Every structure is written in C-alpha cells, then in structure tokens.
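Bear in mind these aren't lab numbers, they're just calculated from the coordinates by the rules spelled out. None of these values were measured; they are calculated from a predicted model. Neighbour counts are summed over all protein chains in view; Cβ atoms, including those assigned to glycine, are modelled from backbone coordinates with ideal geometry.
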Amino acid sequence: MTDTDSTGTHSTGMVAGGVATRLYVDAPLQAGAELALDRDRAHYLKQVLRLGPGDAVGLFNGRDGEWRARIEEVARRGVRLRAEALTRPQAPDADLWLVFAPIKRQRIDLVAEKASELGAAAIWPVFTERTAMTRVNLERLRANAIEAAEQTERLSVPEIREPVTLGELAHRWPKERRLLLCAEAGDARPIASVLQEILRERGEAIGPAAILVGPEGGFASAELDALSKLPFVTAVGLGPRILRADTAAVAALACWQAIVGDGARRPPQR
Ligand code: SAH
C-alpha cells in the first residue's frame, strides 16, 4: 500500500482517510451499501494490490461523491465491499467535451487517458473525410478513461459517446454548446484570446463547451469551411507548429481548464 513518502508529500493514489486505492463503480454509494466487484477488479485488488478483508479502498460512481469502503470478503469469484463513510462530496465538473477523429491504437489510448486526467466530461469520436481508422473500440476507450479517472482524484469518469460522422455531428449538435474547432489551416484566432474573451463575456457562467480535433491527415478544406459557418463553432489556433492530433487534444484541453475551467483549484489535500 502506498504511504506518505520521505519528502512529506503524498504518493499518488492516496484518498481521504489514508486509503491508497480508488475504484470507479456503477452502483449507488451510501453508508452501509454492499458492493460486489467483478472478477477482473477482484483480481486486481487481490493479486496486484494484495488487499484482503479489512483493508480500505476509495469508491466513486460519478454521482454520490467518494466513499471509504472496507473489503469484507475476498472469494475466487469476486470481492465484496461495504461503503462506510463519505470522504468527499460530489463536486460539479467542468462541462467540457472532447470530440476527436479516431487515431491509431496507442495514440487513441493516450487521448482517452489524458482527456480523463484533464477533466473532460465526455469523449466523442467523430469520423471525418481523412480519418484513417474505420472503427473505434469504445470499451477500450472507456477502460482507459476509467483507469485515468481512478488515478487522478476526479469523482466522475468521462462519458464515452457513440461515434458519428462529422455531418451527423453538425446536425445533432446541441446548439447551446460552444464548439472550439482546432484548425491547423485557415483563419483561426489563438485559443488563449478566444478563451479570455469568453471569460470576459460570461464570467463564471462559462456554459457547455467542446473541443474538436481532426485526424492525423487534418480536416479537408471543405470540412473546415462548413464547420466555420456553424453558429456555435469558433476556430482556434494552437500556435505555428502542426501538432499531432493527440498533442492538440491535450494542449487545447489544458488551455481551456487553465483559462476558463477549474485550473485555479487544487488537488484534495490529505
Ligand atoms: N496533416 C495535417 C495536420 C493534422 S494535425 C497537416 O499537415 O496540415 C491533427 C489535428 O490537430 C488537426 O486537424 C487540428 O485539429 C489539430 N492541430 C494540429 N496543429 C494545430 C495547430 N497549430 N492549431 C490548431 N489545431 C491544430
């Protein structure tokens, strides 16, 4: 089990109440609630973390805050836990989605992980003209997003949305959600100026937003033109270098959080 290290700072993964492991669960959490973990998670707790009856773990489900739970039984088929006490109340997340064109395996894993770490509320794959991938493994995206959420002290996990084409995306887009189009070509204002302007106009009430990143092959110019005409779209630039799609996603999410998101808040202090 991790513990306070010699520099006095806590090792990653510590949750309130000195519990080292945080797990995402689906079930409701309340005092006394009994929970069962599936075989994979049971294996992780038993064999990887070497936890057993009496040990505590942190649980969160995206709705009920973070709970300290005690392992009651470790059996071959699963692990039974009981929620004991609320260690952190649920706090609202930034309402920020990441919409991105699927890229190859390791890079898409990285996008899911980093988007989760950077507090994205949803991850939405979109197929564009030059997207090289033809399918996305949503389960894998979800597993990566959950694992990152568990490690990152957030109390929710990003929703993984069903992939759509760019045309469908534009058609189905919730109009009140601002879409920042990361545009490597054409007219685009620097992302920081756009975000500072939003902050000046909206103050605390930033409202729902999303970041859209294109595939490794970039957006087709017709796509950029069509997107730029949509009333909820603002094209933004990330500087003079052409970034890889995964880098662009991370950079844009980080800028958003730093300027209009929760960048001023601190991790929970133990
Ligand atoms: N192959 C393309 C580059 C695509 S980069 C070309 O050479 O033009 C992949 C995606 O990352 C882009 O579609 C865009 O959404 C984003 N991106 C990369 N660099 C960017 C930049 N400097 N500004 C804004 N978006 C950028």
Compute the helix-to-body angle for 245-259: its Cα long axis versus the longest principal axis of the chain, expressed 0 to 90° and rounded to tens. 80 degrees
Net charge over other residues, Cβ less than 15 angstrom from the Cβ of Phe219 (K, R count +1; D, E count -1): -3
Tensor-based shape of segment 16-88 (alpha-carbon gyration tensor, a/c under 1.5 rounded, otherwise prolate or oblate): prolate
Below 24 Å, Cα to Cα, which lysines can Lys229 reach? Residues fewer than 8 away in the same chain don't count. Lys175
Which longest run of the chain has no exposed loop site in it, a site being GluC sites (Glu not before Pro) in a DSSP loop with at most 13 other beta carbons within 10 Å, and the site itself not part of the run? 1-175
Tensor-based shape of segment 78-223 (alpha-carbon gyration tensor, a/c under 1.5 rounded, otherwise prolate or oblate): oblate
Base-10 log of normalised Debye intensity for the chain (one unit scatterer per alpha-carbon) at q = 0.08, 0.10, 0.16 Å⁻¹: -0.38, -0.57, -1.16
Per-pair calculated FRET efficiency, R0 = 45 Å: Gln30 and Ser193 via Cβ, rounded to 0.05: 0.45
How much length, in nm to one decimal, is gained on full extension between Arg77 and Glu216, taken as 0.36 nm per residue of separation minus their Cα-Cα distance? 45.7 nm
If you put +1 on each Lys and Arg Cβ and -1 on each Asp and Glu Cβ, how big is the dipole of the chain around its Cα centre, in Debye rounded to 20? 300 debye
Find, among the trypsin sites (Lys or Arg not before Pro) in segment 19-58, those assigned to loop by DSSP (not H, G, I, E, B) with at most 14 other beta-carbon atoms within 10 angstrom. Arg50
